[in-house]
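What follows is a single structure, written as structure tokens, with notes after it.
The values are calculated or read from the model by the stated rules, or taken from the named source; none is laboratory data. All values derive from a computational prediction rather than experimental measurement. Here the Cβ is made from the backbone with ideal geometry for all residues, glycine too, and neighbour counts use every protein chain on show.
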Amino acid sequence: MVTETYSAASRAASGERMRRSIGRAVTSVLKHAGLIVLVVIMIYPLIWLVVSSFKPNDIIFRDPGLVLHDLTLKNYTDGWTAQEFPFTKYLVNTAVLVLGAVVGNLISCSLAAYAFARLRFRFRTLFFAIMLATLMLPIHVIIVPQYILFSQLGWVNTFLPLLVPKFLATDAFFVFLMVQFIRGIPRELDEAARIDGAGHFRVFVQVILPLMVPALATTVIFTFIWTWSDFFSQLIYLTKTDHWTVSLALRGFIDSSSSSDYGAMFAMSVISLLPLFLMFLFGQRFLVRGIATTGGK
Amino acid sequence: MSSIGELRTLTKSMRQRGEKTREKMPDNKAGFLFLLPWLIGLVCITIGPMVASLYLSLTDYNLLQPPQFVGLKNYLDMFDDPRLWNSLRVTVIYVVVGVPLQLLLALGIALVLNRGMRGLAFYRSIMYLPSLLGGSVAVAVLWRQVFGSAGLVNSLLAVFGVQGPGWISSPDTALSTIILLHIWTFGSPMIIFLAGLRQIPGQYYEAAEVDGAGPARRFFEITLPLLSPVIFFNLVLQIIFAFQSFTQAFIVSGGTGGPADSTLFFTLYLYQQGFGNFNMGYASAMAWFLLLIVAAFTAVNFWLSRYWVFYEEG
């Protein structure tokens with residue numbers, strides 16, 4: 001009698017458990033289904049862009065699908081030469097800008113970050129507060145006089161207005177990111193080096209820099225992405241076509257009267273997104289860390 | 001700690017330190033040397049131009065003749081400029097609609113993803129992709145075609161026999177397409193939310209469950225308060241950034257802010273005034289007006305935060 005009630009109870013309990021686990025499986029399936037639908041909607045335009053760039057120009061808009069009936073590279077060859085200079089020129093210009101910006105940010109931001117994180121000097125707190133405040137300053141408040149300054153220096157239509165600020169640690173995001181990182185490095189390490197007679201510069205180069213490689217990698221990746229897809233400052237400072245970047249060349253496709261050539265425009269858009277996509281594939285780990293600190297523009 | 005949290009504690013500590021005796025500063029020389037590039041940048045690239053911009057806003061200046069001092073004329077002119085007020089309206093709609101919707105979606109998806117589900121890394125990466133690409137000209141170009149009158153959306157609608165409008169060529173819908181582009185890039189705040197959710201100790205939920213708190217109760221009593229600093233951080237920064245967005249509206253409207261100025265963002269109008277018409281004085285005044293508006297929004301945000309943002313140690 002006793003055993004019977006016990007087993008009945010346990011049967012009821014296992015039934016309950018089963019119902020629960022079925023319920024859980026159903027919600028899990030529903031959840032995945034919902035997420036997959038969302039992902040498909042989000043990604044569809046991007047895939048359509050890539051597929052369309054291989055379609056003949058006249059059927060791009062008649063066909064919202066993703067099936068390629070006849071693949072053509074004509075859009076790529078047309079797009080490459082559609083502007084005044086071959087697209088290679090714009091890619092090289094952009095690469096030069098990106099490289100300069102990366103080097104500038106790495107040097108200037110890490111120097112500033114070491115000072116903020118490790119050194120005790122007058123006005124440190126004040127400067128640090130100012131640095132954080134400049135994170136939130138709209139660029140428009142300074143762009144007009146900056147433009148006047150750079151044009152008087154004869155720097156308009158050179159890369160200098162876009163590169164020199166990077167060597168002056170104006171990207172406060174990276175200073176902040178590196179300060180955060182350096183604070184996590186045990187102080188004993190640099191103190192030991194100091195006791196051995198190393199100066200601050202040696203401590204910085206030989207102790208801190210090698211340990212902050214992850215923060216430097218995050219800086220490289222974000223500088224790459226932001227400089228590659230920057231538009232506003234390039235639009236203002238690079239008005240001559242021989243200094244055009246990828247962003248400006250794409251904008252040229254919209255301006256040109258023969259804007260019916262969507263295929264070529266799509267093809268060059270794909271080319272311009274490719275480096276960003278590679279960053280996405282290979283820089284995931286650093287991207288995730290960077291967003292969490294910088295607030296992800 | 002986030003940049004905003006840091007700024008908050010810093011200002012607090014600076015205020016408290018007032019009377020304390022001056023600390024020893026052993027690294028004065030090294031500190032300034034390491035900081036030299038940043039200091040030069042601060043003076044020449046940031047503060048100098050800010051001061052100059054304030055002065056220019058009181059002048060008439062077209063780059064050719066020297067600046068003419070005109071007092072507050074530019075600011076007064078702004079009041080009588082219907083395009084300026086319209087551009088402010090467009091921008092505020094974009095910010096006030098786009099930012100909360102984007103953050104709600106980011107929070108919702110982060111909550112769904114956070115319950116230790118299979119494929120988390122996959123979903124997280126794929127959903128982040130639009131954020132990474134979203135600022136580029138290429139995506140704005142794509143958007144222009146997707147919502148064009150013969151674009152992707154309409155040809156998909158045509159499959160179902162629906163004749164879609166010209167989303168970008170109509171003043172009623174053009175701004176919505178740009179807002180949608182903003183919402184589409186919800187991946188980066190989502191990643192910040194996910195990181196924040198992971199900081200919440202699991203014991204809190206276990207204890208609440210033992211006490212019989214249901215999922216809704218657990219969300220409102222544990223998740224929301226503990227996540228509120230992160231939500232606040234996102235809200236403040238996204239609003240500041242959204243006020244400055246430029247590329248998407250510029251490309252989608254082909255640089256005009258049209259149709260009928262319906263996508264004329266404040267920054268786009270500023271660009272047209274400053275770098276199209278070379279009204280440098282007027283553009284400077286506009287920039288200070290923008291700074292004032294962004295500062296006002298941020299101040300209101302901070303003021304409101306005391307009613308809903310929860311800081312653990314007070």
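Restricting attention to the stretch B:240-261, the residues that are surrounded by fewer than 22 Cβ atoms within 10 Å (Cβ to Cβ) and among the polar types (S, T, N, Q) add up to 2.
Restricting attention to the stretch A:224-258, the residues that are part of a loop (DSSP other than H, G, I, E, B) and either on the phi > 0 side of the Ramachandran plot or not acidic (Asp, Glu) (or both) total 9. So, A:LEU189, is that one modelled with pLDDT of 95 or more and either assigned to a loop (DSSP other than H, G, I, E, B) or assigned by TED's automatic domain parsing to the domain that holds A:LYS89 (or both) or not? In short, no. Condition (residue is facing another protein chain (nearest Cβ under 8 Å) and in contact with a Leu (Cβ under 6 Å, 6 or more places away or on another chain)) applied to the stretch B:20-28: is it met by at least one residue? There is at least one residue in the stretch B:20-28 that is facing another protein chain (nearest Cβ under 8 Å) and in contact with a Leu (Cβ under 6 Å, 6 or more places away or on another chain).
Within the stretch B:114-123, not a single residue is among the charged types (D, E, K, R), out of contact with any Leu (no Cβ under 6 Å at 6 or more places or on another chain) and buried (at least 16 other Cβ atoms within 10 Å of the Cβ). Of the numbered criteria (1) of a type outside the set (Lys, Arg); (2) outside the structural domain of A:ALA193 (by TED's automatic domain parsing); (3) surrounded by fewer than 15 Cβ atoms within 10 Å (Cβ to Cβ), the one A:THR81 fails is (2). Of all residues in the stretch B:35-62, those that are in contact (Cβ under 8 Å) with a residue 12 or more places away in the chain and at the interface with chain A (Cβ under 7 Å from one of its Cβ atoms) total 2. Residues that are within 12 Å of chain A (Cβ to nearest Cβ) and either loosely packed, with under 15 Cβ neighbours inside 10 Å or outside any helix (DSSP H, G or I) (or both) occur in the stretch B:97-110; there is at least one.
Checking B:ASN301, B:ASN277 one by one, the residue that is out of contact with any Gly (no Cβ under 9 Å at 6 or more places or on another chain) and either free of Cβ contacts under 8 Å to residues at least 24 places away in the same chain or exposed (fewer than 14 other Cβ atoms within 10 Å of the Cβ) (or both) is B:ASN277 and no other.
Of all residues in the stretch B:200-218, those being exposed (fewer than 10 other Cβ atoms within 10 Å of the Cβ) and aliphatic (A, V, I, L, M) number 2.
The rows are residues; the columns are (1) in a loop (DSSP other than H, G, I, E, B); (2) of a type in the set (A, V, I, L, M); (3) over 30 Å from A:HIS243 (Cα atoms).
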position: A:PHE116; (1), (2), (3): no, no, yes
position: A:THR125; (1), (2), (3): no, no, yes
position: A:MET131; (1), (2), (3): no, yes, yes
position: A:TRP155; (1), (2), (3): yes, no, no
position: A:THR158; (1), (2), (3): yes, no, no
position: A:PRO161; (1), (2), (3): no, no, no
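Scanning the stretch B:44-64 for residues that are part of a helix (DSSP H, G or I), within 13 Å of B:MET286 (Cβ to Cβ) and among the polar types (S, T, N, Q) yields one hit, B:SER53. A single entry from B:GLY274, B:GLY254, B:GLY187 fulfils the requirement of being at pLDDT below 90 and of a type outside the set (D, E, K, R): B:GLY254.
Here is a yes/no grid of residues against (1) of a type outside the set (Lys, Arg); (2) in a helix (DSSP H, G or I); (3) surrounded by fewer than 16 Cβ atoms within 10 Å (Cβ to Cβ); (4) modelled with pLDDT of 95 or more:
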position: A:LEU35; (1), (2), (3), (4): yes, yes, no, no
position: A:VAL40; (1), (2), (3), (4): yes, yes, yes, no
position: A:TYR44; (1), (2), (3), (4): yes, yes, yes, no
position: A:ILE47; (1), (2), (3), (4): yes, yes, yes, no
position: A:VAL51; (1), (2), (3), (4): yes, yes, no, no
position: A:GLY65; (1), (2), (3), (4): yes, no, yes, no
position: A:THR77; (1), (2), (3), (4): yes, yes, yes, no
position: A:VAL98; (1), (2), (3), (4): yes, yes, no, yes
position: A:GLY104; (1), (2), (3), (4): yes, yes, no, yes
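Please determine, by comparing only the residues of the stretch B:186-230 that are polar (S, T, N, Q) and within 30 Å of B:PHE241 (Cβ to Cβ), which one is nearest to the chain's Cα centre (by Cα).
Looking at the filtered set, the residue picked out is B:SER188.
Report whether or not B:SER305 is more than 14 Å from every other protein chain (Cβ to nearest Cβ), small (Gly, Ala, Ser) and within 30 Å of B:ASP77 (Cβ to Cβ). So B:SER305 fails the test. Any idea which residue in the stretch A:134-174 is surrounded by the most Cβ atoms within 10 Å (Cβ to Cβ), counting only those that are closer than 24 Å to B:GLY31 by Cα and at the interface with chain B (Cβ under 7 Å from one of its Cβ atoms)? The qualifying residue surrounded by the most Cβ atoms within 10 Å (Cβ to Cβ) is A:ALA169. Would you mind stating whether B:LEU237 is surrounded by 16 or more Cβ atoms within 10 Å (Cβ to Cβ), within 19 Å of the chain's Cα centre (by Cα), within 7 Å of another protein chain (Cβ to nearest Cβ) and free of Cβ contacts under 8 Å to residues at least 40 places away in the same chain? In short, no. The condition (being at pLDDT 90 or above and more than 8 Å from every other protein chain (Cβ to nearest Cβ)) is satisfied by just one residue among B:ALA299, B:ALA287: B:ALA299. Inspect all residues belonging to the stretch B:141-158 and state whether any of them is loosely packed, with under 15 Cβ neighbours inside 10 Å, in contact with a helix residue (DSSP H, G or I) (Cβ under 9 Å, 6 or more places away or on another chain) and not small (Gly, Ala, Ser). Looking through the stretch B:141-158, none of the residues is loosely packed, with under 15 Cβ neighbours inside 10 Å, in contact with a helix residue (DSSP H, G or I) (Cβ under 9 Å, 6 or more places away or on another chain) and not small (Gly, Ala, Ser). Screening A:PHE121, A:PHE61, A:PHE87, A:PHE128 for residues that are within 7 Å of chain B (Cβ to nearest Cβ), aromatic (Phe, Trp, Tyr), crowded, with 17+ Cβ neighbours inside 10 Å and more than 30 Å from A:PHE173 (Cβ to Cβ) leaves exactly one candidate, A:PHE61.
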